[in-house]
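The values are calculated or read from the model by the stated rules, or taken from the named source; none is laboratory data. From a predicted model like this one, the values you see are computed outputs, not experimental measurements. Glycine gets a Cβ as well: all are built from the backbone with ideal geometry, and neighbour counts include every protein chain shown. Each accessible area value is taken on the protein alone, full model and side chains, heavy atoms only, with ligands, DNA and RNA left out. Shrake-Rupley method; radii C 1.70, N 1.55, O 1.52, S 1.80 Å.
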Amino acid sequence: MKTQVAIIGAGPSGLLLGQLLHLQGIDTVILEARTPEYVLSRVRAGVLEPGTVELLREARASSRMDREGHVHEGFTFSFAGRSERIDLKSLSGGKTVMVYGQTEVTKDLMEARAAAGGISIYEAADVALHDIFSDKPRVTFVNAGQTVELECAYIAGCDGFHGISRKSVPPEAIRIFERAYPFSWLGVLSQTPPVADELIYTNHERGFALCSMRSSVLSRYYVQCPFEDKPDQWPDERFWNELRTRLPDEAANRLVTGPSIEKIIAPLRSFVAEPMKFGRLFLVGDAAHIVPPTGAKGLNLAASDVYTLYHILRRTVLDGRTDLVDKYSEICLRRIWKAERFSWWMTSVLHKFSDDPFNQRLQLAELEYYTGSLAGRTTIAENYVGLPFEPIE
Ligand code: RFL
Ligand code: PHB
């Protein structure tokens with residue numbers, strides 16, 4: 001088998017890159033370890049930056065998002081018994097975010113790829129990368145009991161944090177920067193109307209809570225929980241009581257509860273691998289970096305890597321440019337580290353790290369200081385809507 005770009009992983013990064021390249025006439029094959037149903041069963045991100053939204057439009061996979069997604073012009077921080085709204089639109093020169101689930105983004109991209117006749121091979125086992133430092137890299141995998149070899153010019157490692165691509169790189173060629181946090185998020189999806197029209201991020205003495213949503217009848221809520229906890233320690237009633245306790249009074253009084261239709265526990269981690277290009281292999285999205293979800297940046301960072309790689313490959317393959325591929329890492333990493341910083345900051349000011357009252361007072365001072373000035377609110381807003389993508393000259 002032969003293609004121009006072999007893409008490992010059919011999550012949002014792999015599918016979006018495949019679609020954008022396809023529209024430029026560049027041939028791709030996507031190899032995915034799991035089934036399409038499994039990929040679609042993962043409830044993850046919910047907030048899309050305007051840059052991500054534009055890229056989905058460019059990929060012609062946006063019509064349902066433009067119809068069914070919800071535009072949000074702001075969100076609220078709640079702390080010390082008060083609520084402070086960040087007016088994203090007025091603070092960022094008119095930008096807004098789109099609330100539209102990652103599951104739906106993935107489904108739309110899968111359908112766009114199927115309609116375009118792109119090849120995606122699901123349940124590809126034992127995916128292995130070969131000769132990445134040569135100009136004829138290959139990928140082998142097992143499909144329906146047969147070992148298949150895929151020849152290509154470039155490999156895009158879009159296979160997430162636990163994928164094979166990053167692990168295929170010689171350890172001495174890669175440097176890892178990492179921070180683990182001593183708590184997790186317990187996330188619940190429920191068929192209930194959201195408690196508010198916009199997201200609420202709460203710092204409470206019992207720990208962080210987040211009220212998000214997928215639609216006017218589907219809510220997504222999170223509470224900070226101990227790192228070791230398992231979902232079965234959190235029956236619905238315990239979850240709702242804990243969430244209600246952490247919310248500001250007016251939201252707690254409005255909270256509509258109901259059976260959970262999904263419950264997960266996700267650890268929080270900051271992680272960056274440098275560089276992101278090794279010979280003909282490019283790491284994209286969660287394969288190269290992880291942020292704690294507090295800033296809603298993970299999927300959006302994956303999309304900005306895709307933007308960069310798409311434009312570099314387009315200019316390289318179609319225009320014969322030879323200088324751009326070596327700029328991929330530095331261009332991506334400049335934006336990634338700023339998003340790592342913002343996600344770390346949001347995590348630091350909103351979560352309970354210890355019982356130390358000094359720490360808690362510092363967090364409240366930090367929140368009061370940033371939300372209390374135009375400069376502070378502006379820096380929060382411009383990071384939340386996403387820093388600009390670097391153009392590829
Ligand atoms: P994915 O989505 O992990 O997809 C990788 C794909 O690769 C496949 N794979 C392999 N395929 C072939 N061979 C192998 N050896 C393979 N190993 C793995 C996997 O099966 C999978 O299909 O990575 P991608 O595409 O880079 O996308 C990244 C995003 O999924 C991630 O950053 C976000 O979900 C993070 N995230 C959020 N991001 C946001 O921008 N906004 C949010 O509001 C937001 N909320 C969240 C989140 C992540 C969360 N969790 C559970 C981690 C909330 C949560 C709770
Ligand atoms: C979500 O809706 O799942 C969500 C929203 C905002 C975040 C993280 C997750 O910061």
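Is the range 140-149 home to any residue that is acidic (D, E), surrounded by fewer than 13 Cβ atoms within 10 Å (Cβ to Cβ), touching a Lys or Arg at 6+ places or on another chain (Cβ under 7 Å) and at negative phi?
Yes, the range 140-149 contains a residue that is acidic (D, E), surrounded by fewer than 13 Cβ atoms within 10 Å (Cβ to Cβ), touching a Lys or Arg at 6+ places or on another chain (Cβ under 7 Å) and at negative phi.
With R42, R34 as the choices, which residue is surrounded by fewer than 16 Cβ atoms within 10 Å (Cβ to Cβ), of a type in the set (K, R) and under 21 Å from the mean Cα position of the chain (by Cα)?
R42
Working carefully through the options E366, E340, find the one that is in a helix (DSSP H, G or I) and either open to solvent by 80 Å² or more (accessible area, probe 1.4 Å) or in contact with a strand residue (DSSP E or B) (Cβ under 7 Å, 6 or more places away or on another chain) (or both).
Answer to the check: E340.
I'd like to check something: does the range 10-30 contain any residue that is open to solvent by 10 Å² or more (accessible area, probe 1.4 Å), part of a helix (DSSP H, G or I), more than 16 Å from ligand 1 (Cβ to nearest atom) and not acidic (D, E)?
The answer is yes, given that some residue of the range 10-30 is open to solvent by 10 Å² or more (accessible area, probe 1.4 Å), part of a helix (DSSP H, G or I), more than 16 Å from ligand 1 (Cβ to nearest atom) and not acidic (D, E).
Among (1) outside any helix (DSSP H, G or I); (2) buried (at least 17 other Cβ atoms within 10 Å of the Cβ); (3) more than 21 Å from the chain's Cα centre (by Cα); (4) hydrophobic (A, V, I, L, M, F, W, C), there is one condition V256 misses while meeting the rest; what is its number?
(2)
If the Cβ limit is 6 Å and pairs must be 6+ apart or interchain, which residue in the range 268-292 that is under 16 Å from G160 (Cβ atoms) and assigned to a helix (DSSP H, G or I) pairs with which residue that is modelled with pLDDT of 95 or more and among the aromatic types (F, W, Y)?
Listed pairs, sorted by first residue: D286/F161.
Answer yes or no as to whether A128 is aliphatic (A, V, I, L, M) and within 14 Å of ligand 1 (Cβ to nearest atom).
Criteria met by A128.
Go through the range 204-253 residue by residue and tally those that are of a type in the set (F, W, Y), more than 16 Å from ligand 2 (Cβ to nearest atom) and open to solvent by 20 Å² or more (accessible area, probe 1.4 Å).
Total satisfying the criteria: 1.
Run down G94, G118 and say which single residue is open to solvent by less than 80 Å² (accessible area, probe 1.4 Å), modelled with pLDDT of 95 or more and either within 11 Å of ligand 1 (Cβ to nearest atom) or in contact with a His (Cβ under 6 Å, 6 or more places away or on another chain) (or both).
One residue alone meets the criteria, G118.
Show me the strands (runs of 3 or more DSSP E) entirely contained within the range 176-234 in which 3 or more residues are closer than 24 Å to F161 by Cα.
218-226
Does G285 satisfy the criteria of being on the phi > 0 side of the Ramachandran plot, touching a Leu at 6+ places or on another chain (Cβ under 8 Å) and either modelled with pLDDT of 95 or more or open to solvent by 30 Å² or more (accessible area, probe 1.4 Å) (or both)?
yes
One residue is enough: does the range 45-63 have a residue meeting the conditions of a type in the set (K, R), touching a strand residue (DSSP E or B) at 6+ places or on another chain (Cβ under 8 Å) and either near ligand 1 (Cβ under 10 Å from one of its atoms) or outside any helix (DSSP H, G or I) (or both)?
There is no residue in the range 45-63 that is of a type in the set (K, R), touching a strand residue (DSSP E or B) at 6+ places or on another chain (Cβ under 8 Å) and either near ligand 1 (Cβ under 10 Å from one of its atoms) or outside any helix (DSSP H, G or I) (or both).
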